[in-house]
1. Return the subset of Lys49/Lys107; Lys107/Lys208; Lys106/Lys215 for which the Cα-Cα distance in this structure is over 30 Å, preserving the input order.
2. Give me the one-decimal nm value for the distance between modelled label points at Arg4 and Phe217, 7 Å along each residue's Cα-to-Cβ direction.
3. In whole angstrom, and with the biggest value first, how far do the Cα coordinates of region 45-130 range along each principal axis?
4. Could you estimate the translational diffusion coefficient of the chain from the Stokes-Einstein equation, with Rh from the Kirkwood formula over C-alpha pairs, at 25 °C and 0.890 mPa s, in whole µm²/s?
5. Taking the Cα atoms of region 128-225 alone, what are Rg (to one decimal) and Dmax (as a whole number) in Å?
6. Across region 205-258, what fraction of all alpha-carbon pairs, as a whole percent, falls in each successive 10 Å bin from zero upward?
7. Restrict the search to region 94-191; then list the trypsin sites (Lys or Arg not before Pro) that DSSP places in a loop and that have at most 13 other Cβ atoms within 10 Å of their Cβ.
8. So what are region 1-150's ellipsoid semi-axes, whole angstrom, largest first, if each one is the square root of 5 times an eigenvalue of the alpha-carbon gyration tensor?
Amino acid sequence: MQWRNLYRGFFMGISDLIPGVSGGTIAFILGIYDELLTSISGFFSRNWKKHIGFLLPLGLGIGATLLLFSRVIEYLLENYPAPTQFFFMGLVIGVLPFITKQAGVKKNFNWKHFFLILLVGAALASLAFIKPHDTTAITTLTATNAIGLFFAGWAGSMAMLLPGISGSFILLILGVYSTAIGALSNLNLPIIAVIGAGVIVGFIVSSKAISYLLKHFTYITFAVIIGLIIGSVFVIYPGIPDSGTPFVMSVIAFFTGLIVANMFSSPNKITIVNN
């Protein structure tokens, strides 16, 4: 068992609670992105035992964090929204040098890759202008809303594995973020089970697709990922705080995020399969 994945799961779980912050980006920061995709794909195969040692501690860390910190994140976003978002902005920006180095941007990218980065980044950044229409939280399951929550979990989990795209933000756009957070905070097990089933299906589908793209279209895929991460900064950005104390806290939080990203990213490697 890779029990150090407990703390990795903690950071991924925290990120998955924040609209605009991607769990996939945190996996990149921690240097486990490729292994995460391989393990999720492999877990639903004959060789599932080989991957349980990686996924179980990671899943426990994520699950425990979602349950224990959902109210904490609600509190921070409600009372200290700017410093919280600036901390995650620091994390996201801090991972860019690591990813560009792993992709060998200077050596392997041409104008087409940079154009793709610009195009994808601009497309994701445009989501910052979309006003989410989150609705009143669902507390009781019906046949109709169960189907909707299942597919919302599916869509959200596919976004979670893509660096730069936040699963929570997708849930917010679909109008079920308050339902998901409320279910976690109040341990509404039926709703957690339905959304969770969608999440599992989404993980299976997206992990296989992303693994295929990284293997067969490595540098194009990395260009898309870099574009997604750059674009996500505009989605996370909360604006400059007006008063002094929140501004100072935001600056400190931002640089703390940069430092944390650098600490976790520096010693890690991501395997790139050359085309």
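Just so you know, all these numbers are worked out from the coordinates, no wet-lab data involved. This one's a predicted model, so the numbers in the text were calculated from it and none came from an experiment. Positions of Cβ are generated from backbone atoms using ideal geometry, with glycine treated the same way; all protein chains shown enter the neighbour counts.
1. Details: Lys49/Lys107 38 Å; Lys107/Lys208 27 Å; Lys106/Lys215 20 Å.
The answer is Lys49/Lys107.
2. The answer from the label model is 3.4 nm.
3. Each principal axis gives a Cα extent; for region 45-130 these are 46, 45, 23 Å.
4. On the way: Rh = 19.0 Å.
Stokes-Einstein gives a translational diffusion coefficient of 129 µm²/s.
5. For region 128-225, the Cα-based Rg and Dmax read 14.8, 46 Å.
6. P(r) for region 205-258, in whole percents per bin: 20, 32, 22, 18, 8.
7. Values: sites: Lys101, Lys106, Lys107, Lys112; in loops: none.
Nothing satisfies the criteria.
8. Working: eigenvalues 150, 122, 63 Å².
Equivalent-ellipsoid dimensions as semi-axes: 27, 25, 18 Å.
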